[in-house]
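Down below is the structure, laid out as structure tokens.
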Amino acid sequence: MLQHRSSNRGRNSLSQPDTTIYGVVVGTAGHIDHGKSSLVRQLTGIDPDRLPEEKERGLTIDLGFAPMTLADGELVGIIDVPGHEKFIRNMVAGASGIDIVILVVAADDSVMPQTREHLDIMTILGVRKGMIAINKIDLVDAGMIELVEEEVRETVQGTFLADAPMLRVSAETGEGIDALRDQVQAMVRELPARDETGVFRLPIQRVFSSKGHGTVITGVPMSGAVEIEDRLEILPGAATGRVRGLQAYRVPVERARAGHSTAINLADIDYREIERGMVAATPGYFRATEMIEVSLRALDGISTPLMHRMPVRFLQGTMEAVGRLYLLDCTALAAGGEALAQIRLEQPVVVAPGDRFVLRRTSPMVTLGGGEVLDQSRWRLKAGKDFVVSSVRRKMDALGSPEAFLLSIMQDEELEIHEVADLARRAAMTREEIETHLQSLQKSDEIR
């Protein structure tokens, strides 16, 4: 049951999630039937496969969420992603919220196509920490395990997992699970909890109507925090709702933040107005767009270059949209190459500067590359124009520095600095954050 403010305040020991749920997310990756869900079940005691079809077919179709208890009693969330190539969209939706990955490889199967594709996607999405679990060691002899480990090391060479710990485990017998749990805990503690500053934004993974409660949406917030009685808007669109109740990892809470698997009970809105791929956010900060400026990198292994004006599938958060790729500083992008581009989509999406995305071919559906969102475009950009390229490049170079990014926007649009609301929308920062950064820029004589 979702918590309501009047029914649970001061009574639930988990009513303050910041002290009980650590704001780091662990996720699985790997080929179908390599035992990802079974390992999550061993680590958490919870079966992440919730759909009847998943249990009937014995494979993960959608995302699964389960909390793992750390030694000090805190919880850390684990996301289980599907391994089948048909469900890459769902895999990207889960991977977009992951801080640490467990790449699972079956000892009786070794490296397979989705092992490689999941590794590519994790790299594109900016995951930088992880470990490798060689599962099903009970099915093969020691010599075969060594051969598989050698192939895995060759596969991850040059990636963020090149020097990652590699553990031998069996989800069937439990061998090696304690060592895997210890490794997860150690790696979690190496990372700071996610910063909850910024504007609240949650890409919607599921929406349904709960008897006695009404509309419920779920997902992992990308930024900010939300409390009971806050109002949220659903984008694209104009629907708004009031937060009646919250859960983090199925535990009632009064406040949820970035990095928590969250369920939100919304009043004043019908669940049929909401779809997966939409975004729930603090009102007044985000707007949907069909044109996005991006920095882009092609995967090393693609067989043909990315071409100017080619059709693509754009995946970000829980959303997927079809559009065309317009390269700004080149006419073709070969394997491993980098470029600036504008993506023009057939439907509006909600993104913010710094969001990671994946590009896939429309047919056949293979991963081409990905990168970072730089800005929403207000007009169609002309390829090959020096002033266009320099403007987009300024934004790319400024990512990671809020003040530098604000300057790049102001130079681009020639905004008056008192237009705080517009800057807040463009930069996806709170108005208070904008004012603080503007004061700092004024003190350093960057603006007047």
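All of the numbers you see were taken from the coordinates with simple rules; none came from a lab. It should be emphasised that the depicted structure is a prediction, and the values quoted were computed from it without experimental measurement. Every residue, glycine among them, receives a Cβ derived from its backbone with ideal geometry; neighbour counts consider all protein chains shown.
The Cβ shell under 12 Å around residue 263 holds other residues with a net charge of +3, Lys and Arg each +1, Asp and Glu each -1. Using a cutoff of 8 angstrom between alpha carbon atoms and counting only pairs six or more residues apart, the relative contact order for region 400-448 works out to 34 percent. Net charge of the neighbourhood of residue 129, taken over other residues with C-beta under 13 Å away and scored Lys/Arg +1, Asp/Glu -1, is -1.
Each Lys or Arg adds one and each Asp or Glu subtracts one; over the other residues with Cβ under 13 Å from the Cβ of residue 324, this totals +3.
Considering only alpha-carbon pairs that sit under 8 angstrom and 6 or more positions apart, the relative contact order computed for the chain is 13 percent.
The Cα atoms of region 303-448 cover 52, 33, 25 Å along the three principal axes, with the biggest extent listed first.
With 10 Å bins beginning at zero, the pair-distance distribution over Cα atoms of region 249-333 amounts to 11, 33, 26, 19, 10, 0 %. Note on the chain: Lys pairs 8 or more places apart or on different chains, Cα atoms under 21 Å apart, count 8.
The equivalent ellipsoid that matches the C-alpha gyration tensor of region 153-280 spans semi-axes of 36, 17, 15 angstrom, in descending order.
Projecting the alpha carbon convex hull of region 400-448 along each direction and taking the average yields 3.0 nm². The charge dipole of region 143-288, taken about the Cα centre with unit charges on the Cβ atoms of Lys, Arg (+1) and Asp, Glu (-1), comes to about 880 debye, rounded to the nearest 20. Average 1/r across all pairs of distinct alpha carbons in the chain, invert it, and you get the Kirkwood radius: 22.8 Å. Above 15 Å, the calculated P(r) of region 333-413 contains 63 percent of its Cα-Cα pairs. Projected onto their three principal axes, the Cα atoms of region 17-190 cover extents of 45, 35, 34 Å, largest first.
Region 257-289 and region 340-412 have Cα centres lying 24 Å from one another.
Under 5 Å between amide hydrogens, built in the peptide plane, is the criterion, and for residue 375 it picks out 293 among residues at least 5 positions away or on other chains. Among the trypsin sites (Lys or Arg not before Pro) found in region 160-248, those both in a DSSP coil and sparsely packed, with 15 or fewer other Cβ atoms within 10 Å of their Cβ, are 211.
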